[in-house]
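Here the structure comes first, spelled out in structure tokens, and everything after it is commentary.
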Amino acid sequence: KDFEKGSVTKHLLYNPALCYSKRLYTQLGAQIHPIKLSAPLAHIMANCHTHSGRKVREQCREGLIRLSNLCRITWLRQADRMQLLPTSSMLKYIDKKFGGELTRLDEEGEVGGQHGGLGGTAKAGDFTL
């Protein structure tokens, strides 16, 4: 389905044949919880401290690896088959260790009352998962 909000078109991908026996992210709560990384995922993965056992918890490291691999695939079936969807606990550790501060643009999609556009205020690390 396509959704129009202002001048931005958003797409919702849905496959009714792909279903799970239970919700994957019930521990995160009923509402959508955006997670914003403090730096681009590629920079976090390139940092040697990310891969050391002392600085980053194993679940956090595994979640980052899954997210990095998830960015490289094209089909949701591949993500499911390869178990690339991070667990809710992995996402919590990622948010705790590498989470950035959410801005009004992140939460509402607005800049000074305008919907949709970035307006030149977004920085390189400003993106959400």
Using the structure shown, decide if GLY112 is open to solvent by less than 40 Å² (accessible area, probe 1.4 Å) and modelled with pLDDT under 80.
no
Filtering the range 88-101 for residues that are at pLDDT below 90 and not in a helix (DSSP H, G or I) leaves a count of 2
Reported set for the range 34-50 where residues are open to solvent by 90 Å² or more (accessible area, probe 1.4 Å) and either assigned to a loop (DSSP other than H, G, I, E, B) or not hydrophobic (A, V, I, L, M, F, W, C) (or both) is HIS43, HIS49
Output for Cβ contacts, cut-off 6 Å, separation at least six or different chains, first residue in a loop (DSSP other than H, G, I, E, B) in the range 53-64, second open to solvent by 60 Å² or more (accessible area, probe 1.4 Å), reads LYS55/HIS49; ARG57/TYR93
Given (1) at pLDDT 70 or above; (2) over 23 Å from TRP75 (Cβ atoms); (3) more than 19 Å from the chain's Cα centre (by Cα), ALA17 misses just (2)
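The values are calculated or read from the model by the stated rules, or taken from the named source; none is laboratory data. Keep in mind that what you see is a predicted model, and the values were worked out from it rather than measured. Cβ sites come from the backbone with ideal geometry, for glycine too, and all protein chains shown count toward neighbours. Protein only, heavy atoms only, side chains kept; ligands, DNA and RNA dropped before computing areas. Shrake-Rupley method; radii C 1.70, N 1.55, O 1.52, S 1.80 Å.
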